[in-house]
Amino acid sequence: MSTISSARLAETFVQVADTLVDDFDLIDFLTLVTERAVELAGSSASGLLLSDEHGRLQFMAASTESARLIELFQVQREEGPCQDCFRTGVAISESALEESSGRWPSFAPRAVEAGFRSVHAFPLRHQQTLIGALNLFDSVPREFSGTDANLLQSLADVATIGILQERAIRRGELLTEQLQRALNSRITIEQAKGALSQLHGTTPDAAFEMLRSYSRGRHLRLTDVADAVLHDPTSHPDLTSAQRQG
């Protein structure tokens, strides 16, 4: 029996589709996908990895700091559900991480330590093109019904189309170039997030939300604002002033 309501599903796809404009911010878009995946599935956290030019998965977005850290660990060890999902091109499900150390000897204990008990990975694919994977984490043992798994795969498919659409908009840019540019943007955003977290004495999650809310409120690209935080902080005093509240 499906636990995902049709109303929530429709709302999710509308919100994601609304970002597919000519000049959308890829990192902001991928972060939105992870957040909507969590809301749609009622999961604890979500992360998204994309393949680089060498065919290795790289971290791109996560709904929480804990998901970001476990995804980075997965990338560093080249072990885990997203890695298997990307290699095989099919969804990977593990409803009892505490019992899966044989499957993932490094990843499973680290995920359990981070508070997760189950994980599900869905391939980012369009026809024969496979570019990454979307992970969903839960703090309790969990299995998705076939219907729910198909709906979540549809969200992953929409994300893939958004990524490939940006490539087309940029007039034939190679996918490997696009993903490398996205990775560079991700690094800039992480650095800006760290700077704002330290400046305002807040958590990385709160710092990222501060950065994104500021960008959206002024119709600026997230990556551009992040770069300014690092290299020209006086250009955005409302964001970078140490006296800023909230």
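The values are calculated or read from the model by the stated rules, or taken from the named source; none is laboratory data. Note that this is a predicted model, so its numbers are computed, not measured. Note: ideal-geometry Cβ built from the backbone for every residue, glycine included; neighbour counts use all protein chains shown. Accessible surface is based on the protein model in full, side chains and every heavy atom, while ligands, DNA and RNA are left aside. Shrake-Rupley method; radii C 1.70, N 1.55, O 1.52, S 1.80 Å.
Observations
- Residues (within 14 Å of the chain's Cα centre (by Cα) and closer than 13 Å to V38 by Cα) located in the range 123-151: L134, N135, L136, F137
- All conditions in (1) basic (K, R); (2) touching a residue at least 24 places away in the same chain (Cβ under 8 Å); (3) under 14 Å from L179 (Cα atoms) hold for R56, with the sole exception of (2).
- Exactly one residue among T223, T203, T240, T188 is outside the structural domain of T64 (by TED's automatic domain parsing), touching a helix residue (DSSP H, G or I) at 6+ places or on another chain (Cβ under 8 Å) and open to solvent by 70 Å² or more (accessible area, probe 1.4 Å), and that residue is T203.
- The residues of the range 203-219 include none that are among the small types (G, A, S), in contact (Cβ under 8 Å) with a residue 24 or more places away in the chain and closer than 14 Å to T64 by Cα.
Here's the yes/no breakdown for (1) closer than 18 Å to R186 by Cβ; (2) outside the structural domain of I189 (by TED's automatic domain parsing); (3) modelled with pLDDT of 80 or more:
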residue: M1; (1), (2), (3): no, yes, no
residue: I27; (1), (2), (3): yes, yes, yes
residue: L57; (1), (2), (3): yes, yes, yes
residue: A62; (1), (2), (3): yes, yes, yes
residue: Q76; (1), (2), (3): yes, yes, yes
residue: E94; (1), (2), (3): no, yes, yes
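- Test: residue in the range 35-52 that is without any contact (Cβ under 8 Å) to a residue 12 or more places away in the chain and either among the acidic types (D, E) or in the same structural domain as E143 (by TED's automatic domain parsing) (or both): no
- L179 among the aliphatic types (A, V, I, L, M), assigned to a loop (DSSP other than H, G, I, E, B), surrounded by 14 or more Cβ atoms within 10 Å (Cβ to Cβ) and at pLDDT below 90: no
- Extreme residue, nearest to the chain's Cα centre (by Cα), among residues of the range 26-56 that are more than 18 Å from A111 (Cα to Cα) and in a strand (DSSP E or B): L50
- Near pairs, Cβ below 6 angstrom, 6+ apart or cross-chain, from the range 105-117 (part of a helix (DSSP H, G or I)) to any residue that is among the β-branched types (V, I, T): A111/I70
- Residue pairs whose Cβ atoms lie under 7 Å apart, sitting 6 or more positions apart in sequence or on different chains, and linking a residue in the range 83-101 that is at negative phi and among the aromatic types (F, W, Y) to a partner that is part of a strand (DSSP E or B) and open to solvent by 20 Å² or more (accessible area, probe 1.4 Å), are F86/L130.
Condition check ((1) surrounded by fewer than 19 Cβ atoms within 10 Å (Cβ to Cβ); (2) at pLDDT 95 or above; (3) among the polar types (S, T, N, Q)) across all residues:
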{"position": "S46", "(1), (2), (3)": "no, yes, yes"}
{"position": "H54", "(1), (2), (3)": "yes, no, no"}
{"position": "C85", "(1), (2), (3)": "no, yes, no"}
{"position": "A91", "(1), (2), (3)": "no, yes, no"}
{"position": "S101", "(1), (2), (3)": "yes, no, yes"}
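- Selection from the range 115-133 of residues that are of a type in the set (G, A, S) and open to solvent by 10 Å² or more (accessible area, probe 1.4 Å): G115
- Of the numbered criteria (1) in a helix (DSSP H, G or I); (2) over 17 Å from L183 (Cα atoms); (3) touching a Ser or Thr at 6+ places or on another chain (Cβ under 8 Å); (4) open to solvent by less than 30 Å² (accessible area, probe 1.4 Å), the one L136 fails is (1).
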